[in-house]
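Written out below as structure tokens is the structure these notes cover.
The values are calculated or read from the model by the stated rules, or taken from the named source; none is laboratory data. Computed from a predicted structure; not experimentally measured. Reconstructed Cβ throughout: ideal geometry from the backbone, glycine too, with neighbour counts over all protein chains shown. Heads up: the accessible areas ignore ligands, DNA and RNA and are worked out on the full protein's heavy atoms, side chains in. Shrake-Rupley method; radii C 1.70, N 1.55, O 1.52, S 1.80 Å.
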Amino acid sequence: MSATESRYGRLLSDFEVGATYEHPWEVTVDGGTVALFQASFLDATPIYASAVMAKSCGLQDRPLHPLLCLNLGLSFSVHDVSEQAIAHLAYIDVRFPEAGYVGDTVRARSTVLGVKPASSGDKGVVHVRTILENERGAVLCAFERKALIRAGKLAERPAWANASGADTPDVKQFPSVPKALRDGGKGGFGPYANDFAVGQVFTHAIGKTIGESEHMQLTALVRNSHPLHFDEVYCKDNSFTKQRVVYGGLVLSWVATLASRDLCGNALWELGLDAGAHPNGVVGGDTLYAASKVLDVKPHANGSGEVTLRLVGVKNKTSAQAFAEHGEALFADELSKKETKIKEKVVEITRTIYVRKKP
Amino acid sequence: MSATESRYGRLLSDFEVGATYEHPWEVTVDGGTVALFQASFLDATPIYASAVMAKSCGLQDRPLHPLLCLNLGLSFSVHDVSEQAIAHLAYIDVRFPEAGYVGDTVRARSTVLGVKPASSGDKGVVHVRTILENERGAVLCAFERKALIRAGKLAERPAWANASGADTPDVKQFPSVPKALRDGGKGGFGPYANDFAVGQVFTHAIGKTIGESEHMQLTALVRNSHPLHFDEVYCKDNSFTKQRVVYGGLVLSWVATLASRDLCGNALWELGLDAGAHPNGVVGGDTLYAASKVLDVKPHANGSGEVTLRLVGVKNKTSAQAFAEHGEALFADELSKKETKIKEKVVEITRTIYVRKKP
Amino acid sequence: MSATESRYGRLLSDFEVGATYEHPWEVTVDGGTVALFQASFLDATPIYASAVMAKSCGLQDRPLHPLLCLNLGLSFSVHDVSEQAIAHLAYIDVRFPEAGYVGDTVRARSTVLGVKPASSGDKGVVHVRTILENERGAVLCAFERKALIRAGKLAERPAWANASGADTPDVKQFPSVPKALRDGGKGGFGPYANDFAVGQVFTHAIGKTIGESEHMQLTALVRNSHPLHFDEVYCKDNSFTKQRVVYGGLVLSWVATLASRDLCGNALWELGLDAGAHPNGVVGGDTLYAASKVLDVKPHANGSGEVTLRLVGVKNKTSAQAFAEHGEALFADELSKKETKIKEKVVEITRTIYVRKKP
């Protein structure tokens, strides 16, 4: 008798512009999810770690870390969108409209915004919009992303796996800060809004070596089902490195949190991420470092402000060394460069954080 | 002065048929326990992950994953039963009579059902029955198992370690489904009861490479005290592989969850496991794959049904490749075979799941 | 443009006797924190694992494990005290005055008690006192410690990082047992107060191999920011082993918990730790073993008692083998020895536990 072998994700011809996929994962987030996230990312932003701080800022409890929400939303979508993908190409307009909390049960769905076959005919770019909601319909994360997908149709995708849902709203219609959030508390780490200067560069001093088990655990925790990250047999034939590759959403999280002691002690919210990409891959045992450059500071009337930074991650050398070698080119958009690509760059993204004024 | 060196577990002559051992572990299960379990096992069964789904099925909250309960019960018993064991031989009639929840404090006890010395005289088979209860006396897991134990008496087992308890009831007297459970919800993954056909074979597509830290963490989390799993110095002299061996209850859990996206999206309960064994060992770095064969489908009047499958796990090759090589023999009972044993098979077990009808 | 590179910790001339540093970490401890701690340390002390046992002893719930509290307090202080340290030299008078619980939000502060430059002029010893408090001001842990610090001033420490606080009270003014604690329960493991005899030596039989990911996760979980423990690039130039070194607070925790099945089944509280040091370092992959020697037994009128032990950890050989080789010298203070230092000794500390009488 022959065997059934179901496969998930989609090939290029399986995507239809305008279709919305209801991702099947439905997960109640608990304190353990939060702790595991904290156990790999030495994040210094107080509002995500301390219930006392969060309540002083008008929230009911510690909100789920925005990067955890992004990772849940992106990973839930892998089953329907990118489990057959060759590469993740871009993070676009990531927002965190509402605070999520421990106890929330989250689901996600994605709408296909575009499908663009490459001239080579063997692959193409798929553009989707994904939202992550809790059981009360509050949107914890909304974003767009692009992935590189092989041509063809996936014969082994079972019919039951094709649940469709209501269209996802445009990311831009969402607020960028939870309604309840107000200036409060006072973080022990980092600068206030008016301490940031446009053009300022930070080379964050300390790195993080990635453990094999920890990156696989976090990948499963957020339900990312792409075997590239945890299946060595698959990787021998299918990975560009011939080995397991660290899931990019975690690379982004490590790099962002490596910057957090210098930047985020008084950050009250992650207003958004945009124009993000992973120019090179990361494997277990690599050591990540972060650098940030201030692109813009938009003061609010009350003295708080919105600080926009370009965040860059490099591997196996300090960011100070990378900045000494490449100068301002370290912060230039890698994928649009014609020459002298920076081989150690593993992530680049523009982020805007809401930072309180000095009390 | 000489030193006291307490040792735990028992040798063959330390077991007395009819004796019941109260295992000393007493542990409150929290959300972190659940999250760590989820962080290694990409399980797609919605009722164990989502409080919303669980409540729609009549339960008060997400129930503890049955495989977590089995691992807690089996591991708690190691201290008294199998810490000196050479091998775990068989899982017999495993049931999950009641749902456990986060916050439950669990304990276990085991009754000796049989002791059978081998003709060689240097070892024998011990047969025990174990139940795992919460503080309200609800039985979360009940099972029998057999272990291969060296002959002799353990001089170093301290007297205080010999707590005895009330006899454990026969596993067969327990219900196989929690009283409160009812058909509800609708899972995003997998088939309904009437989609299964007797004889159908599934080669589950995706594997999982086992991390060193993650298997040791899970072993400690469930309080398995056998040094074979986490003590490299012990293993140099005492392990058949000369290195740490992954605890079998985890191997079973990995293999079962690798099958879950294909089978368990609409599974509402694990009715039981039986006739289970680990024909070959697994070490950190091995990659596991799963295959399932439908043995029986018992429809209920309401359209739901009981689906019995033979679940097999293999290492370091895909289950599709193993099925191509061995055909139906992949699902034949390994330990009773005279010839052509399948060296890559790491677990085989019969499982019955309760699957809802299509709503 | 030049880059800002903030560095944390302090050099010798940055310390002023009498100054108190408010450490910026503010963290709500959740069930996941507890589970991750349990997932690496197979601790058998029932009061920290079981809510039922803890309530029978007068506490409101499972108290946070004292070693978790010590690790949180010590690690929070790294950012201000020891992130530039060459070595941790001594644990002095560690106490656990109040029980902490899941949900507590904890902070720490440290007072400089002494600064003593070495005659070489390139380094010196800093002596601090640290307390860890919850949001209601209950002191969960208070201790002193000494660290070896390089001479000089740290130019890159940002001004905002210098928060000062109220002086920390003398450790000796705190009670050594939480007020609410009373004799209760009955542990399944280990001896009662009157089973301990002065001079008795325990070589605890089972070891624990340290995983790379698990030690890095625990280090981040408790917010230890010293790159020696998780930054391989830093370690190539700055580690005495040229590789990541396991954080000492974890080494102590592994060794203490390896002793717990033999000693702590009826321990109701950790009354204190003192005269502790790490004579040699530990790296991922090392296997730890523990030995204990009873120094004193102080019976209470009610039959319970205070048992003082010298706890020693060794690496990559069993403690029985270490005791066979070194005899009682295994328990002698390593750092004060002139000769025959024990190269495999990784921790030594004096601990006093409160042990209930036989019911």
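Worth pointing out:
- For a straight C-alpha distance cut-off of 20 angstrom, the lysines reachable from residue A:358 (same-chain residues fewer than eight places away being disregarded) are A:55, A:186, A:298.
- Packing-based ranking, highest mean first, of C:302-314, A:322-334 given that Cβ atoms within 10 Å are counted: C:302-314, A:322-334
- Straight-distance candidates among the aspartates and glutamates for linking to residue A:338, with alpha-carbon spacing under 20 Å and chain neighbours fewer than 8 residues away dropped: A:325, A:328, A:348.
- Taking chain C as a Gaussian network of alpha-carbon nodes connected by springs under 10 Å, the highest mean-square fluctuation of the residues C:61, C:170, C:274 belongs to C:170.
- When the solvent-accessible area of chain A is split by element, carbon and sulfur atoms take up 51 percent of it, the probe being 1.4 Å.
- Backbone amide hydrogens, once placed in the peptide plane, bring residue A:44 within less than 5 Å of A:260, A:261, excluding anything fewer than 5 places away on its chain.
- Nonlocal amide H pairs with residue B:4, under 5 Å, H built at 1.01 Å: C:201, C:202, C:203
- Inter-copy label distances at residue C:179 (7 Å, Cα→Cβ; nm, one decimal): 4.3, 4.3
- Here the Karplus relation 6.51 cos²θ - 1.76 cosθ + 1.60, evaluated at θ = phi - 60°, turns the backbone of region A:49-60 into coupling constants of 9, 10, 5, 5, 4, 4, 5, 5, 9, x, 8, 7 Hz, with x for every Gly and Pro.
- Across peptide C:160-169, the average count of Cβ atoms from other chains found within 10 Å of a residue's Cβ is 2.
- Based on protein heavy atoms only, region A:1-48 ends up with 26 Å² per residue of surface accessible to a 1.4 Å probe.
- Divide the volume of the convex hull around the Cα atoms of chain B by the residue count and you get 141 Å³ per residue.
- Protection proxy ranking of B:27-33, C:160-166, C:280-286 - average other beta-carbon atoms within 10 Å, highest first: B:27-33, C:280-286, C:160-166
- Note on C:20-26: average number of Cβ atoms from other chains within 10 Å of each residue's Cβ is 4.
- Both radii were evaluated on the Cα set of region B:149-230; the Rg over Rh quotient, with Rh as the Kirkwood radius, amounts to 1.10.
- Across region A:157-164, computed HN-Hα scalar couplings (Karplus, 6.51 cos²θ - 1.76 cosθ + 1.60, θ = phi - 60°) run 6, x, 4, 4, 7, 9, 6, 10 Hz from first to last residue, x flagging Gly and Pro.
- Measuring from each cysteine beta-carbon in the protein assembly as shown, the ones with no other cysteine beta-carbon under 4.7 angstrom are A:57, A:235, A:264, B:57, B:235, B:264, C:57, C:235, C:264.
- ³J(HN,Hα) computed for each position of region C:245-259 - Karplus, 6.51 cos²θ - 1.76 cosθ + 1.60, integer Hz, glycine/proline x: 10, 5, 4, x, x, 6, 4, 4, 5, 5, 5, 4, 6, 5, 8
- Average beta-carbon neighbours from other chains, 10 Å sphere, peptide C:36-48: 5
- 24 Å Cα-Cα reach of residue C:337 towards lysines, excluding residues that sit fewer than 8 places from it in its own chain: C:116, C:123, C:146, C:293, C:315, C:317, C:345
- Among the residues of region A:187-210, those with an accessible-area drop of 40 Å² or more from chain alone to full protein complex, heavy atoms and 1.4 Å probe, are A:188, A:189, A:201, A:203, A:205, A:206, A:209.
- Taking all pairs of distinct alpha-carbon atoms in the protein assembly as shown, Kirkwood radius in angstrom: 29.8
- Label-to-label distances for residue B:285 across copies, nearest first, come out at 1.0, 1.0 nm, using points 7 Å from Cα in the beta-carbon direction.
- For residue A:272, nonlocal amide neighbours, meaning residues 5 or more places apart or on other chains whose placed amide H falls under 5 Å from its own, are A:352.
- Ordering of A:50-56, A:182-188, B:117-123, C:178-184 by packing is A:50-56, A:182-188, C:178-184, B:117-123, highest average first (other Cβ atoms within 10 Å, averaged per residue).
- Candidates C:64, C:12, C:154, ranked by Gaussian network fluctuation over chain C, Cα under 10 Å, top entry: C:154
- Note that region A:251-359 presents 33 Å² accessible area per residue, ligands and nucleic acids not counted, probe 1.4 Å.
- The same position residue C:358 in the other copies lies at 6.8, 6.8 nm from this copy, comparing label points 7 Å beyond Cα toward the beta-carbon, shortest first.
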